[in-house]
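Reading through the structure tokens given below for one structure.
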Amino acid sequence: MVEWLTAEISSKYNYWVSILLMLIGFYAIIAKDNLIKKIIGLSIFQTAIFLFYISLGVVRKGTAPIVSEEMILKGYAYVNPLPHVLILTAIVVAVATTAVALSLIIRLYEEYGTIEETEIIGAIKRKEADQDRPAF
Amino acid sequence: MTMLIDFALLFLVIIIAIAAVTLKDLLSATLLLGAYSFLMALIWVGMQSVDVAFMEASVGAGATTAFMIAALSRMTRWEKK
């Protein structure tokens, strides 16, 4: 039982690393107050998921999926190219997300002069309280 | 041998991710994120997915870092706490 467990854990180490990276990124998204730090956490989270997907397609002793007919006839194995295609699209989407988030943060900085989340929320609440006060 | 390189790269990636999250200097954190992306590209070359590695090295390590430095040049460099 123990031998089976250690073998199972050590042979699938890519998955464990990807889970660890996901947790690091998730911690940054939730616990950090700085908005840039949140974006960095988001990037790490996304890359961890890419690592998981690419690990799914790996074939032992497989070559890159650029093969000729001759190589297939000789019996060469090649890794599954389907996760690669999915992740190729996901990387581009990740960059677009980061760019949009950064532009929003720049706008927030112009408006409030800070990129700390609690300070921005405090400034918004103060502004709302000022508006609710009756003017007489 | 290939497994040894794999282990070293995965270990380095985890260390760099923790450093990028915990540093107070946002510019250093951004540059560490670029290094992280580039190491990820190396891991993907090790897993024979060369097209993804290409994309990550150019777009993930290059364009994202450039965007983040451009954004940081318009705001403060240090994280408060």
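State all residues of the range A:71-98 that are among the aliphatic types (A, V, I, L, M) and more than 8 Å from every other protein chain (Cβ to nearest Cβ); if no residue qualifies, say none.
A:MET71, A:ILE72, A:LEU73, A:ALA77, A:LEU82, A:VAL85, A:LEU86, A:ALA90, A:VAL93, A:ALA96
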Within the range B:29-41, can you find the residues that are away from every other protein chain (no Cβ under 11 Å) and either among the small types (Gly, Ala, Ser) or over 19 Å from B:MET55 (Cα atoms) (or both)?
B:ALA35
Say we look at the range A:24-46 and pick out the residues that are in contact (Cβ under 8 Å) with a residue 40 or more places away in the chain and facing chain B (nearest Cβ under 9 Å); which of these is surrounded by the fewest Cβ atoms within 10 Å (Cβ to Cβ)?
A:ASP33
One residue is enough: does the range A:58-79 have a residue meeting the conditions hydroxyl-bearing (Ser, Thr, Tyr), surrounded by 13 or more Cβ atoms within 10 Å (Cβ to Cβ) and under 30 Å from B:PHE67 (Cα atoms)?
no
In this structure, does A:ARG107 turn out to be more than 7 Å from every other protein chain (Cβ to nearest Cβ), loosely packed, with under 14 Cβ neighbours inside 10 Å and farther than 30 Å from B:ALA29 by Cβ?
no
Does the range A:80-91 hold any residues that are in contact (Cβ under 8 Å) with a residue 12 or more places away in the chain and either closer than 16 Å to B:SER58 by Cα or surrounded by 13 or more Cβ atoms within 10 Å (Cβ to Cβ) (or both), and which are they?
A:ASN80, A:PRO81, A:PRO83, A:HIS84, A:LEU86, A:ILE87, A:ALA90, A:ILE91
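Name the residues in the range A:8-21 that are more than 10 Å from chain B (Cβ to nearest Cβ), part of a helix (DSSP H, G or I) and of a type outside the set (Val, Ile, Thr), would you? Steps first, answer last, please.
To start, the set of residues in the range A:8-21 that are more than 10 Å from chain B (Cβ to nearest Cβ) comprises A:8-12, A:15, A:19.
Then drop every residue that is not part of a helix (DSSP H, G or I), which leaves A:8-11, A:15, A:19.
Of everything in the range A:8-21, those that are more than 10 Å from chain B (Cβ to nearest Cβ), part of a helix (DSSP H, G or I) and of a type outside the set (Val, Ile, Thr) turn out to be A:GLU8, A:SER10, A:SER11, A:TYR15.
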Are there any pairs with C-beta distances below 6 angstrom linking a residue in the range A:56-67 that is closer than 21 Å to A:VAL17 by Cα to a residue that is surrounded by 15 or more Cβ atoms within 10 Å (Cβ to Cβ) and β-branched (Val, Ile, Thr), with the two at least 6 apart or on different chains, and if so which?
A:GLY57/A:VAL79; A:VAL58/A:VAL79; A:VAL59/A:VAL79
I'd like the full set of residues that are more than 7 Å from chain A (Cβ to nearest Cβ) and of a type in the set (Ser, Thr, Tyr), limited to the range B:42-60.
B:SER58
In the range B:19-30, the residues that are closer than 23 Å to A:SER18 by Cα and surrounded by 16 or more Cβ atoms within 10 Å (Cβ to Cβ)
B:ALA20, B:VAL21, B:LEU23, B:ALA29, B:THR30
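Only the coordinates and a few stated rules stand behind these numbers; no lab work does. If you're wondering where the values come from, they're calculated on a predicted model, not measured in any experiment. Cβ: placed from backbone, ideal geometry, glycine included. Neighbour counts: every protein chain shown.
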